[in-house]
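The values are calculated or read from the model by the stated rules, or taken from the named source; none is laboratory data. No experiment lies behind these values; they were computed from the predicted model shown. Cβ: placed from backbone, ideal geometry, glycine included. Neighbour counts: every protein chain shown. Only protein heavy atoms, including side chains, enter the accessible area calculation; ligands, DNA and RNA are left aside. Shrake-Rupley method; radii C 1.70, N 1.55, O 1.52, S 1.80 Å.
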Amino acid sequence: MRGWRWGWRNLLYDVAPPVVLLALGLIDVFTESLAIVVGSAPAVTAILPGAIACLALLIRRYRPLTTVVIILLAVLLPPLVLPTSLTYWDEFMTLVIAVYSCGRHLRRGWAFVGLGVAAVGMAILPFEFADMRNAGDILYNSLMLAVAFGIGLLARSWTGYRERSLREAAERAVAEERASQAERARIARELHDVIAHTITVIVMQAGGARLASATDPAIAASTLAQIEELGRASLAELRTLLPLLRADGEATSMPPQPTLADVTALCERMRGLGLAVELVTDGDTSALPLGLQLTAYRVVQEGLTNAMKHAPSAETGVRIRHILEPALLTVDVSSTGPAAPSPLPGAGRGLAGIRERVLLAGGTFGAGAHAAGFLLHVELPLERELA
């Protein structure tokens, strides 16, 4: 089950339906202008079952089966001790929505348990309300429950399909990016070897040529020729390797390393992939050392990548805080909802790499599940970076 978290989505999905249904039910109780009210009872007792049913609907997305049970108890028990009525909107329709929620939010076995409980409750109703014994009403009510349950199952299937598609897209992007980074690292190592070897030989040969120039100019000239040949060969190798490090083969220099100013664009790119990201920045981070900003950027990047891989439909929050006393930069990346395991080979190495980067910067690293989902928390000290 998902945790309770207030926001506009809660107002839209959790609060609005029961409020609207309760209002329609009250109109029916007092006017009977929208639907037929089964039974006759004083308004004070007639509105009681509907009010309880609408209140239970507040938790339908989090405890669907509990919601069905509460609604049925509210409808079936009061007639045993009080004169009550059965209204369409705030009693029957709340049960229909609760049955939909069982199909939408429960695992398949428990979803059918919810449908069965609702069906038993509907079978008892005709014994308490004689007007419900009409065959047409029974058929209509049964079809409404079955259709609502079927729509719930379809919605759950669609959500699962969408999450799998997003996860697979994220895995492909991560695999391609890591393959590209691995290839760039290999080329960088080759460049390092070429440059280190060339400079070492040139320095040694140049020293020898300098010493020989005073006593044997011919040897010095030969040594300089060797230096020239080595330089030409190394330059040819560099000209072959350097374009491989340039994006799309463009003959331009590599782009500058990202800073915290680029986090906004990163969040926008992730939103474009379907991840709901909210960014909050506390304090001025523009003057922080560039190395510290790069580390913080990589933390956010890995956190969002993890969220896209494991919980693509969840809400993700990014908070960056510049704390003056003590001098710290904190980065939090949190996501709500259950996390699914990633089948991508090597999963988890990204967090290990970020942990190593943070520890090298003298910071603290934490990552793991919390009450509502997953949290990545990093603290980076400023004094060490500025020292």
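Things to note:
- Cα convex hull volume per residue for the range 282-326 (Å³): 85
- Rounded Å value of the spacing that divides the Cα centres of the range 134-159 and the range 269-306: 45
- Neighbour net charge for Ile320 - beta-carbon separation under 15 angstrom, K R +1, D E -1: -4
- Spin-label model, Leu328/Ala221: points 7 Å from Cα along the beta carbon direction are separated by 7.1 nm.
- Computed Kirkwood radius, in angstrom, where 1/r is averaged over Cα pairs of the range 43-169: 15.1
- With protein chains left intact and a 1.4 Å probe, residues in the range 70-188 average 53 Å² of accessible area per residue.
- Zone residues, the range 293-318, relative to Asp262, backbone N less than 14 Å from point 7 Å out along Cα-to-Cβ: 293-302
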